[in-house]
Structure formats: structure tokens, C-alpha cells
Amino acid sequence: MTDFFEPAGRGVQHASLRAANRRAVLSTIAFNPGISNADVSRRTGLAPQTASAIVSELDDEGLINRGDVLRGRRGQPATPLFLKLDAVYSIGVDVGWQHLDIVLVDLSAQPIARYRRDFDYLDARTIMAEIVDASNGLLGKLTDAQRKRLIGIGVATPTNIARKITLLDAPAEQAELWKTLDIAVELERALGIPTLWFNNGNAGCWAELVMRPAPRPENFIYLFIDTLLGAGLIAEHNLWEGPTGNSANLGSMLVCRTDGTGREFGHVLASTVALDRRLAAAGIQHGSTAPADWPWDEWEPYVAPWLTECGDALAQMIMNSAAVIECNLVVLDGAVPRPVLERLLAETRRALAALPTLTFETPRIELGRLGSDSMPLGAAFMPIFRKYFSRDLRDMASWELAPTA
């Protein structure tokens, strides 16, 4: 382990500086379509000659397109620059507790092709074969030339599946099977494609940040209502993953039941499994379908108290998290229908307003933009970001910005 104060741990090599400049230029073009060379120089702070040289390199490598020259303006005619969306492809695999969702994307970060299936529980015996078959099916939609521009696969899964699956009605053997199954490692071995693993809450949080319009918030807490609670944290414009990639696991916080019957993990109260338990107690069973397709109106006598309990639990998690990280924004999303999510937003705001604060203002809450698309899209775009856009020294060391064709 390198100590923080060791110079070798902090030095910046010339190659790293050059890579950072290239990524700064590419990011500027990506998020400002039609920008000119001169504006790239101004926005990045690079000398005009340096910016122009980098633009030429990116053009030669097939990562950008030059539009038609804009004439009739003051000064030299400007050539608009655009990201070449089909320059790079990636696959995102979202392995949920009760679903598998796989997308193929290009630099637009929008699905080109997709595979999804919902099931009763995450089965360690069969899930790998299904992921490999489905991924091969999506790869089959690419031409040979496009396949060469596929840079990798991002896999988003819950963390500590072996421990948390005991919260669900899965066979007892599953906990033991999940102790030895590493989906990312097995998928890379099966397909021969570089594969990165991400916590599913972090993947959804990252997608929410990327897809938001500028100016993007510097800090926010991300909460995703699904079988169990997904969560992520943006701190000073960075996704906070922690040393193991599992931060921020807010669903593992202990929260107090508002009926005074004790404490429980946030996962157990702020999730659809909590609603499942209410339904099961009433003798109501439902098949392995996505929450968006459930008969919510029929279940209203159980949905209403679930939303209240869920909002109370979320409010406690939000208040405790905000006290630690000084965050004034919460993004709430989920796999449930939008009207249900809006009701949960109202319940969470109600519960937050009832909690005392000592040194900070109550965070504001708003709804997310992506719903169930967030985690597969986040998983797919993260390898692209780390290779082409991130200016983190670790990412620049891991991914060389090599020609794509």
C-alpha cells in the first residue's frame, strides 16, 4: 500500500497530463455538440495549437466528426465538432434480485438492442448461462467492423448477494452458491471481452448524473426502490464507490420502525419486498413480472401503508446521510410506476419535514429521470467513461486511449 504522502503516489507524468488533456477535449466536444476549435480551446484552457492538435488526433482515430464549415460570421470560418456516436460500443448487464436487463449502447448511451427477463429470484445455477446467451445475442446484431469497436462490458449487481438473498424467498442453497460465483469474472472468461463490475446502485446513480442537463449537481444522494433498496452517492462531482466499490450501501442502515416495534435494515422497509410481505400476509400472490406491470390499484389497501412505512424509512436514511456528507439534494427513483413513485416522494417529504435538524437544512428531494433504465445504462456507459472521458489517474493508467479502428 502506498502512503498518501509518498511523492510517487502523487506525481503526474507527462503522459498522464497529455491523456488528461485529450479526455478534456473529448468531453468538451461530447457535451457541447457543434462546438468549434476555438471554443474547445477557451473551455478547456488549452492553448489553441494544443487543442487543435488534439482535435486532429481524435478525428484521425474516428472518435469525432467535423460538420460543414460555418460561414457568414466574424473571424475565421468555424468547423463544428461532434462526437461520432458509432465510434464505440459497450454492453451493460444489470443483474437484479428479480430481473436480468442487458443493453447494447454506443456513445449516445442509449440502448441499441436489449434483452430483459423477470423471475422469482436470482438463481446462481442458471444466471450465467442466460447472461452469456443473451449477450451473444446482442453481439450478433453488430457487424464485424462494429464488433471491433466494442470496448467492454459493465456488469451491475447487488453487493454481498450471498448474505442479502436470505432476505428474499429464495431456496436456502442459493446463499451458499453465491459465495463462490463472480459474475464479472465468469463473463469475461466466457466471452473474452474486458468486463468491469459495479454495484447496481452506483451504476444507477452514475447514469442519473450523466443524463442530467448541465449544470449537474455537485452532490446528491441517489435512492432506487426495487426488490431491495439501491443507492449511490455523488460527492464533489465524483461517484463515491469506496474501497470495495460497495459505497454507498444506504439500505444496510438500521432505521427505526415508526410504530415503535424496533429497528430494521432499510432494505427490509424501503423496497418492494416489504410490499410483497404485506401481500403475502393477506394471501395475495403475484407472478414474476416487473413492478411496472403489477395491479397497483387492486392492491391499494396494502400499497398505502407500505408507502407510509417506506417514506418514513427513507427519511431517516436521508437525514442521517446528509448529516455526514453535507448533501442538500436527494434523487428518488425506482422500478415502480411513476404515479406510485410520486406518492412515495410525497410520503418521504412528509416524513422528512417531521424530523429535527441541528446544523443543516432539510435536503430537497426530486424524482429521477431514468427509472428501470438507469442501472443497465449506467453499467454500459461506465467502461466508456473510464476509457475515454475520466481524468482520474487510475482510469488513465488502466485504459490507454488507443485508436478504435
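Values as computed for the structure displayed
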| read-out | value |
| --- | --- |
| Residue among P215, P301 that is out of contact with any Ser or Thr (no Cβ under 7 Å at 6 or more places or on another chain), part of a loop (DSSP other than H, G, I, E, B) and farther than 17 Å from L332 by Cα | P215 |
| Among residues of the range 236-250, those that are closer than 15 Å to N320 by Cβ and more than 16 Å from the chain's Cα centre (by Cα), counted | 0 |
| Residue among T357, T348, T308 that is surrounded by fewer than 22 Cβ atoms within 10 Å (Cβ to Cβ), modelled with pLDDT of 95 or more and polar (S, T, N, Q) | T308 |
| Some residue of the range 219-227 being loosely packed, with under 15 Cβ neighbours inside 10 Å and outside any helix (DSSP H, G or I) | no |
| Residue list for the range 148-192, restricted to those being of a type outside the set (S, T, N, Q), assigned to a helix (DSSP H, G or I) and in contact (Cβ under 8 Å) with a residue 40 or more places away in the chain | K164, I165, L167, L177, W178, I183, E186, L187, A190, L191 |
| Residue check, V268 β-branched (V, I, T), more than 18 Å from T166 (Cβ to Cβ) and either part of a helix (DSSP H, G or I) or at pLDDT 90 or above (or both) | no |
| W197 surrounded by 16 or more Cβ atoms within 10 Å (Cβ to Cβ), in contact with a Leu (Cβ under 6 Å, 6 or more places away or on another chain) and either modelled with pLDDT under 95 or not in a loop (DSSP other than H, G, I, E, B) (or both) | no |
| Any pair with Cβ under 6 angstrom, 6 or more apart, that starts in the range 210-223 at a residue that is within 20 Å of L345 (Cβ to Cβ) and ends at one that is among the hydroxyl-bearing types (S, T, Y) and outside any loop (DSSP other than H, G, I, E, B) | I221/S321 |
| Test for A292: is it crowded, with 17+ Cβ neighbours inside 10 Å, hydrophobic (A, V, I, L, M, F, W, C) and touching a Ser or Thr at 6+ places or on another chain (Cβ under 9 Å) | no |
| Residues (over 24 Å from the mean Cα position of the chain (by Cα) and aliphatic (A, V, I, L, M)) located in the range 255-280 | V255, L275, L279, A280 |
| Complete set of residues in the range 251-265 that are buried (at least 20 other Cβ atoms within 10 Å of the Cβ) and assigned to a strand (DSSP E or B) | V255 |
| Residue ID - surrounded by the fewest Cβ atoms within 10 Å (Cβ to Cβ), chosen from residues in the range 360-405 that are outside any loop (DSSP other than H, G, I, E, B) and modelled with pLDDT under 90 | R394 |
| Residue selected from the range 13-59 under the condition assigned to a loop (DSSP other than H, G, I, E, B) and closer than 21 Å to S108 by Cα, by the criterion farthest from the chain's Cα centre (by Cα) | S36 |
| Residue that is touching a strand residue (DSSP E or B) at 6+ places or on another chain (Cβ under 7 Å), surrounded by 15 or more Cβ atoms within 10 Å (Cβ to Cβ) and assigned by TED's automatic domain parsing to the domain that holds F381, where the choices are A231, A190, A248, A184 | A184 |
| From the options T289, T308, residue that is assigned to a loop (DSSP other than H, G, I, E, B), in contact (Cβ under 8 Å) with a residue 24 or more places away in the chain and in the same structural domain as Y222 (by TED's automatic domain parsing) | T289 |
| All positions within the range 311-349 that are assigned to a helix (DSSP H, G or I), in contact with a Gly (Cβ under 7 Å, 6 or more places away or on another chain) and within 16 Å of G232 (Cβ to Cβ) | M317 |
| Residue within the range 220-236 that is in contact with a Lys or Arg (Cβ under 6 Å, 6 or more places away or on another chain) and more than 30 Å from D297 (Cβ to Cβ) present | no |
| Boolean, V93 is in contact with a Lys or Arg (Cβ under 6 Å, 6 or more places away or on another chain), among the hydrophobic types (A, V, I, L, M, F, W, C) and buried (at least 21 other Cβ atoms within 10 Å of the Cβ) | no |
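Residue by residue, here is whether (1) aromatic (F, W, Y); (2) over 23 Å from I318 (Cβ atoms) holds:
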position	(1), (2)
N249	no, no
S252	no, no
G262	no, no
L269	no, no
T272	no, no
T289	no, yes
W306	yes, no
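The values are calculated or read from the model by the stated rules, or taken from the named source; none is laboratory data. None of the values given here were measured: they were computed from a predicted structure. For neighbour counting, all protein chains shown are included, and Cβ atoms are generated from backbone atoms with ideal geometry for every residue, glycine included.
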